[in-house]
Amino acid sequence: DRTRTLDAYTVPVADLPEILALLHRLLARRECCIVRGELLAGERAAGIRRLLHADKASGDQPTFRNVPRRWLALDMEGVALPPHQPAHDLTGCGRLALAMLPAPFHGAACIVQASASHGLRADLRLRLWVWLSRPTWDHELRRWTHGSPADPSVFGAVQPIYTAAQ
């Protein structure tokens with residue numbers, strides 16, 4: 001978040017297994033993140049700012065645009081961990097988190113990642129990755145998940161989604 005410029009490149013993904021493969025590649029890459037937005041410069045860009053709109057103060061132009069995506073990262077917090085559910089059972093924790101979302105998510109296939117504080121607090125601290133039935137805009141995601149424990153900040157086009165292990 002404090003970095004002024006970054007190098008960016010596009011990684012196309014066609015399904016949930018490809019997201020899993022990408023997450024495995026990024027597991028040890030603490031300097032990398034994923035964003036939902038589409039890079040305006042094409043496949044690669046070096047030394048750019050993470051901008052969705054022009055910066056009026058500097059004159060820097062947008063480098064990303066908002067696009068609908070079929071993949072979705074959900075940051076889940078605030079779901080009480082029942083006494084019978086061990087925090088190390090990420091599959092079980094993922095099921096609990098999905099149940100707190102709107103009905104179309106219930107029982108959905110997903111990738112579950114524990115955050116750095118998962119298991120240290122009394123609630124779930126997870127990121128769920130799901131593949132949607134169609135490309136979906138950020139405003140739709142906000143509407144669908146409103147009132148759920150999903151943090152909508154990761155729906156933004158230039159919001160960094162860090163994936164490395166701590």
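The values are calculated or read from the model by the stated rules, or taken from the named source; none is laboratory data. For clarity, every value in this text was computed on a predicted model and none was experimentally measured. All Cβ positions, glycine included, derive from the backbone under ideal geometry; neighbour counts span all protein chains shown. The protein model used for the area step is the full one, side chains on, heavy atoms only, and it has no ligands, DNA or RNA in it. Shrake-Rupley method; radii C 1.70, N 1.55, O 1.52, S 1.80 Å.
Here are the numbers:
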{"read-out": "Residues satisfying the stated conditions in segment 115-135, i.e. open to solvent by less than 50 Å² (accessible area, probe 1.4 Å) and either of a type in the set (Phe, Trp, Tyr) or in contact with a strand residue (DSSP E or B) (Cβ under 7 Å, 6 or more places away or on another chain) (or both)", "value": "Ser115, Ser117, His118, Asp123, Leu124, Arg125, Leu126, Arg127, Leu128, Trp129, Val130, Leu132"}
{"read-out": "Selection within segment 27-43 - exposed (fewer than 11 other Cβ atoms within 10 Å of the Cβ) and either at pLDDT 95 or above or within 16 Å of Thr5 (Cα to Cα) (or both)", "value": "Glu31"}
{"read-out": "Every residue from segment 95-120 that is touching a residue at least 40 places away in the same chain (Cβ under 8 Å) and over 24 Å from Glu18 (Cα atoms)", "value": "Met100, Pro102"}
{"read-out": "Single unsatisfied condition, Val79 versus (1) of a type in the set (Val, Ile, Thr); (2) assigned to a helix (DSSP H, G or I); (3) over 15 Å from the mean Cα position of the chain (by Cα)", "value": "(2)"}
{"read-out": "Tally of residues being within 12 Å of Gly119 (Cα to Cα) and surrounded by fewer than 12 Cβ atoms within 10 Å (Cβ to Cβ) across segment 90-105", "value": "0"}
{"read-out": "Qualifying residues in segment 59-76 (those that are open to solvent by less than 40 Å² (accessible area, probe 1.4 Å) and not in a loop (DSSP other than H, G, I, E, B)) - the one nearest to Pro17 (Cα to Cα)", "value": "Trp71"}
{"read-out": "Residue check for Asp55: farther than 30 Å from Gly92 by Cβ, open to solvent by less than 50 Å² (accessible area, probe 1.4 Å) and of a type in the set (Asp, Glu)", "value": "yes"}
{"read-out": "Matching residues, segment 79-89, being in contact (Cβ under 8 Å) with a residue 40 or more places away in the chain and surrounded by 14 or more Cβ atoms within 10 Å (Cβ to Cβ)", "value": "Val79, Leu81"}
{"read-out": "Residues (touching a residue at least 60 places away in the same chain (Cβ under 8 Å), of a type outside the set (Asp, Glu) and in contact with a Gly (Cβ under 7 Å, 6 or more places away or on another chain)) located in segment 126-166", "value": "Pro149, Ala157, Val158"}
{"read-out": "Enumeration of residues in segment 92-107 that are assigned to a loop (DSSP other than H, G, I, E, B) and under 16 Å from Glu140 (Cβ atoms)", "value": "Leu101, Pro102"}
